[in-house]
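Below is one structure; the comments refer to it alone.
Please treat every number below as a calculation from the coordinates, not as lab data. Bear in mind that the values here come from a model prediction, so they are computed numbers and not experimental data. Methodologically, a virtual Cβ is constructed for each residue, glycine included, from the backbone with ideal geometry; neighbour enumeration extends over all protein chains shown.
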Amino acid sequence: MSPGDTRKPATASHTTGRAVEDETPLRHDDLIAITGAGGFIGGNLALYFRNKGFTRIRAVDKKPLYEWYLHVPSVENLCLDVSVEANCHRVCEGAMEVYNLAADMGGMGFIERFRVECLRSILINTHMVEAAYRAGARRYFFSSSACAYNTDLQQDPNVRALKESDAYPAMAERGYGWEKLMSEMFCQEYWAERGMKTFIARFHNVYGPNGTWDGGREKAPAALSRKVVDAIETGSKDITLWGDGRQTRSFMYIDDCVEGIDKITHCDELIATPINLGSSELVSINDLLTKVEHVAGLNERLKRHYDLDAPRGVAGRNSDNTFIKQVLKWEPTTPLDKGLAITFRWIQEQYRRRRAGMRVGVG
């Protein structure tokens, strides 16, 4: 439980597995394990807990250390593939809380083209949740996705916001979405049958600095920012968008995401209960580009070309935040304009450093 959290922990469980006891608050020297910590969200989560004063953080990713997005001082960094069962036991050893953010994923260009790789991520959560249970972890967080929602409800750009119950009847996004939905079930059953407190957040398009901005795994805010920077630097007047530009999405700034993970994982009303974690500020891809052009200070809009054969995902997706506001009295609040400005400036700096021959990370 986070310092200063006054919510009373659960005192009993309906389960037939291990007993669920009252918890003492999480101490600053208790071990927190984070998988996917070499990635965008996982790296920022490690930094978030470090800034809150936690002194024992185990950060894990299969990428070589020099490819990690963020290097957080005084953190134990392990290069391990957590789709391998034995590695998961090493990760969870001695951990009081486990945050599983490891997955093969990326933007729409990745998850539509590499469905087998996305599906194979189910091995990660299968092994990690069991390892956390065996290690006696008090709390286990799983990063799910809005891709778990029924795609039949997302065929119109003017989509109604998706509420948590809209995942069923199940018709998740092929590959990535089905992996997330199935992994959610694992988490729910480990609470119902074995009494381990699990927490599930369905992310809605996270963006911000220190994230993927090139190479095919980047999300729309980063991809459009890079394309606008490239147009400025090369003097081009043209830009290509995937799809017809009318697709709609909501985008959550990274600071809101890591704060939300903390709040969700330390609220016992949300044990084994999937919950949206996203902004409710809906925007079309066309309007998102307009915002990026404004941030970039362009006096004249770029000429837009539309690649109708490129991956585009569902027509519309937005987060219904009724439930999270009801339970946590909180929701992501960073305006898209503010987050885009920070993200664009960071990507512009990375782009220019790379052109100058300096080594930069792209994700």
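For the pair Thr240 and Ala310, label points projected 7 Å from Cα toward Cβ lie 0.7 nm apart. Using +1 at the C-beta of Lys and Arg and -1 at the C-beta of Asp and Glu, which of Asn158, Trp68, Ser83 has the Cα lying farthest in the positive direction of the dipole of the chain? The residue sitting farthest along the positive end of the dipole is Trp68. Comparing Asp214, Asp29, Asp104 in a Gaussian network model of the chain (Cα springs below 10 Å), the most mobile by mean-square fluctuation is Asp29.
Here the simple spin-label model places points 7 Å from the Cα toward Cβ, and for Asp81 and Ala341 these points are separated by 4.5 nm.
In the chain, the longest principal axis of the Cα atoms and the axis of helix 285-296 are about 80 degrees apart.
Dipole magnitude for the stretch 165-249: about 120 debye, using +1 per Lys or Arg Cβ and -1 per Asp or Glu Cβ, origin at the Cα centre. Each of His28 and Gln155 was given a label point 7 Å from its Cα along the Cα-to-Cβ line. The distance between the two points is 5.6 nm. Less than 5 angstrom separates the built amide H of Arg56 from those of Ile32, all sequence-distant by 5 or more or on a different chain.
Highest-first packing order for the peptide set 161-169, 32-40 is 32-40, 161-169, based on the mean count of other beta carbon atoms within 10 Å. Taking the alpha-carbon centroid of each part, what is the distance from the stretch 29-53 to the stretch 299-328 in angstrom? The stretch 29-53 and the stretch 299-328 have Cα centres separated by 28 Å. Placing a label point 7 Å from the Cα of Ala170 along the Cα-to-Cβ direction, the residues of the stretch 272-314 whose backbone N falls under 17 Å of that point are 273-275. Close amide H pairs (under 5 Å, H built 1.01 Å from N) link Met171 with Asn150, Thr151, residues at least 5 positions away or on another chain. Each Lys or Arg adds one and each Asp or Glu subtracts one; over the other residues with Cβ under 10 Å from the Cβ of Asn87, this totals 0.
The phi-based Karplus calculation (6.51 cos²θ - 1.76 cosθ + 1.60; θ = phi - 60°) puts the 3J(HN,Hα) values of the stretch 132-146 at 5, 4, 5, 7, x, 4, 6, 9, 10, 10, 10, 8, 8, 8, 5 Hz, whole numbers, x for Gly and Pro. Positive-end ranking of Val327, Leu288, Gly357 along the dipole of the stretch 261-363, with charges on Cβ about the Cα centre, is headed by Gly357. Using the Cβ-Cβ distance between Thr126 and Asp268 with R0 = 22 Å, the FRET efficiency computed as 1/(1 + (r/R0)^6) comes to roughly 0.35. Peptide packing for 262-270, 47-55, 316-324 was compared via the average number of neighbouring C-beta atoms within 10 Å per residue; ordered from the highest value, the list is 316-324, 262-270, 47-55.
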